[in-house]
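The values are calculated or read from the model by the stated rules, or taken from the named source; none is laboratory data. This structure is a prediction, so every number in the text was calculated from the model and none was measured. Cβ atoms come from the backbone with ideal geometry, glycine included; neighbour counts cover every protein chain shown. All accessible areas refer to the heavy atoms of the entire protein, side chains included, with ligands and DNA or RNA removed. Shrake-Rupley method; radii C 1.70, N 1.55, O 1.52, S 1.80 Å.
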Amino acid sequence: MTAQIELKNIDKHYGAFHALKKVSLSIEKGSFVALVGPSGCGKSTLLRSIAGLETITSGDLHIAGKEMTGVPPRHRDIAMVFQSYALYPHMTVEENLTYSLRLHGVGKAEAKAKAAEVAATTGLSALLSRYPRQLSGGQRQRVAMGRAIIRNPKAFLFDEPLSNLDAALRVQMRKEIRALHDRLGATSVYVTHDQIEAMTMADWVVVMRDGVIEQQGRPLDLYDQPVNRFVAGFIGSPAMNFVDGVISEDGRGVVVGAGDRIPLARQAEPNRKVVAGVRPENLRVAEGAASFHFEVGNVESTGSATYLTSKDGALQLVQTERLGFSVGDRVGLDIDPALVHLFDPQTGARI
Ligand SMILES: Nc1ncnc2c1ncn2[C@@H]1O[C@H](COP(=O)(O)OP(=O)(O)OP(=O)(O)O)[C@@H](O)[C@H]1O
Ligand SMILES: [Mg+2]
């Protein structure tokens, strides 16, 4: 595998503000990489740095093996797709698609042929003579994609391209973008703050916080083995539950308030203070006696699942069965010891 985009120790300062801190990332050719993280963590800054729209303060950036320092955006051979589609309102779909080709001196007939080809790929063939205002949000997004594809770039950079669309259309467009990526054999970097989008679309997920890459890996590896409490809480929906406790004398459980105990599959250091993490989907209502309890504060049923929230709001449980509990019920829970995560209360690091 060769890296199509290689970032080494990238730092970016905006004046005194340190927006990217020693970011290193290798993006393989043909891969679909998602950048996720809370608002302001530096996702767009990283993407814009790759595109050359921001100047990096220090570090190395290579695209297709070439060092990019001083290379202006238009010579990086990269296409960006934004949340606001940035279509030209006074141009038809066809003109929007061919604009950049014409700008680069491609002849009219050739540009037209290319537009037809791209329109077929993106499902726009019947819409070529329409204006952007005559298109739905999803169709506009497809034109933006088409405009990116037509130049056959070395990589696609997406900055929250679906956030203007309604929920159903987003789900559909996710699949379309991923399918298109696969068909074109493209290399894509996709920024989103929606971890579900990241998990479902990407081969490789990069979780950022405050300008730092907290963890990167395959989606399910991040879900199964988060390196710290932040990643554990960010990946997975609903979010992982966190419970403060102390490792028991025998080292095989976490003692939490009220004498409850969360079992562990391995020996931990007795009497150590920890934060135990358990995903809502890994809590089960116990059939018999239970070592861990919670008091129901809220019951929500979606039909396919029941969500129980504890009275103090700290814990959530999801089960696909319909559960006949009411507010105030005390519920015993089974916890699979193999699915309990432990974190250091101070550093948040996985134990
Ligand atoms: N031109 C600028 N001058 C100063 N600070 C900036 C500039 N652009 C961005 N920042 C700061 O850098 C940080 C990262 O911004 P960035 O746009 O990369 O965040 P983001 O992860 O894309 O967030 P969001 O999810 O809200 O889009 C933010 O704290 C932002 O305020
Ligand atoms: Mg952003």
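Taking every C-alpha pair closer than 8 Å and separated by at least 6 residues, the mean separation divided by the residue count of segment 1-75 gives a relative contact order of 38 percent. Taking all Cα pairs closer than 8 Å and separated by 6 or more residues, the relative contact order of the chain comes to 15 percent.
When the Cα centres of segment 62-85 and segment 198-271 are compared, how far apart do they sit, in Å? If we compute the Cα centre of each part, the gap is 36 Å. In this view, the solvent-accessible surface of Phe17, computed with a 1.4 Å probe and all protein chains in place, comes to about 120 Å². The lysines within cross-link reach of Lys114, meaning a Cα-to-Cα straight distance under 21 Å and a gap of 8 or more places when in the same chain, are Lys154.
Extension gain for Thr320 to Thr69 (0.36 nm times residue separation, less C-alpha to C-alpha distance): 85.1 nm.
Spatially, segment 122-141 and segment 142-174 are offset by 13 Å when compared through their Cα centroids. Overall form of segment 3-67: oblate. Here a/c, set by the Cα gyration tensor axes a ≥ b ≥ c, is 1.5 or more, and a/b is not larger than b/c. Accessible area of Glu110 (1.4 Å probe, protein heavy atoms only, ligands and nucleic acids ignored): about 110 Å². Relative protection proxy for 273-286, 309-322, 35-48, from highest mean packing down: 35-48, 273-286, 309-322 (other beta-carbon atoms within 10 angstrom). The aspartates and glutamates whose alpha-carbon is closer than 15 Å to the alpha-carbon of Lys311, local same-chain residues fewer than 8 away aside, are Glu295, Glu300, Asp329. Here the Karplus relation 6.51 cos²θ - 1.76 cosθ + 1.60, evaluated at θ = phi - 60°, turns the backbone of segment 23-29 into coupling constants of 7, 10, 7, 10, 10, 5, 4 Hz, with x for every Gly and Pro. Counting only aspartates and glutamates at least 8 places from Lys22 when in the same chain, those with an alpha carbon closer than 19 Å to its own are Glu6, Asp11, Glu54, Asp60, Glu67, Asp210, Glu214.
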